[in-house]
Amino acid sequence: QVQLVESGGGLVQPGGSLRLSCAASGHTDSTYAMGWFRQAPGKEREFVAAISWGGGSTYYADSVKGRFTCSRDGVQNTVYLQMSSLKPEDTADYYCAADKFIAHITTGQPDYWGQGTQVTVSS
């Protein structure tokens, strides 16, 4: 089992930046890929970004490419989502995810989920 705890959400103005963190615990000695999803009110959960176990490969949704950066600290078993040039349409609950296979994350079927952290982009 892997437990994921997100932090860093909050209220930010359009054009601003925010960094989300996700700390993993449990069976983190395995090689888990990690990633982020988001769910806006009234919408389905959607893939945002994913990063391979070693951090050498990253994947992004078209809607966030060039604005969001996913990175990880292997020693701390923590993954980050640096969000810049935020738009009101980025408002959502953001969820961390983990799976042994990065394809499971990019296709929306990871084994493990965090509880979510809320991001609101508004003036």
Checklist entry - Hey, any hits in the stretch 88-101 for a residue that's farther than 19 Å from GLY10 by Cα and polar (S, T, N, Q)? => result no
Checklist entry - Here are some conditions: (1) touching a Lys or Arg at 6+ places or on another chain (Cβ under 9 Å); (2) surrounded by 14 or more Cβ atoms within 10 Å (Cβ to Cβ); (3) within 14 Å of PHE37 (Cβ to Cβ). PRO110 meets all but one. Which one does it not meet? => result (1)
Next on the checklist: It is to be established whether one or more residues within the stretch 67-88 are in a helix (DSSP H, G or I) and either open to solvent by 40 Å² or more (accessible area, probe 1.4 Å) or more than 23 Å from HIS27 (Cα to Cα) (or both).
Outcome noted: yes
Item to check | Scope the stretch 1-34; condition touching a residue at least 40 places away in the same chain (Cβ under 8 Å), outside any loop (DSSP other than H, G, I, E, B) and on the phi > 0 side of the Ramachandran plot; matching residues | outcome: GLY10
Next on the checklist: Give all pairs with beta carbons closer than 6 Å in which a residue from the stretch 54-66 that is under 18 Å from CYS96 (Cβ atoms) and modelled with pLDDT of 95 or more meets a residue that is of a type outside the set (Asp, Glu) and assigned to a strand (DSSP E or B); count only pairs at least 6 apart in sequence or on separate chains.
Outcome noted: THR58/ILE51; THR58/CYS70; TYR59/ALA50; TYR60/ALA49; ALA61/PHE47; ALA61/VAL48; VAL64/VAL48
Item to check | Members of the stretch 40-53 found to be in contact with a Phe, Trp or Tyr (Cβ under 7 Å, 6 or more places away or on another chain) and in a strand (DSSP E or B), listed by number | outcome: GLU46, PHE47, VAL48, ALA49, ALA50
Checklist entry - Would you pick out the residues in the stretch 89-107 that are of a type outside the set (S, T, N, Q) and under 12 Å from the mean Cα position of the chain (by Cα)? => result ALA92, ASP93, TYR94, TYR95, CYS96, ALA97, ALA98, ILE105
Checklist outcome for this item: Condition set out of contact with any helix residue (DSSP H, G or I) (no Cβ under 9 Å at 6 or more places or on another chain), among the β-branched types (Val, Ile, Thr) and surrounded by 12 or more Cβ atoms within 10 Å (Cβ to Cβ), scope the stretch 25-66, selection nearest to ILE105 (Cα to Cα): answer is VAL48
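The values are calculated or read from the model by the stated rules, or taken from the named source; none is laboratory data. Note that this is a predicted model, so its numbers are computed, not measured. Virtual Cβ from ideal backbone geometry, glycine too; neighbours counted across all protein chains shown. Keep in mind that these areas ignore ligands, DNA and RNA; they rest on the heavy atoms of the full protein, side chains included. Shrake-Rupley method; radii C 1.70, N 1.55, O 1.52, S 1.80 Å.
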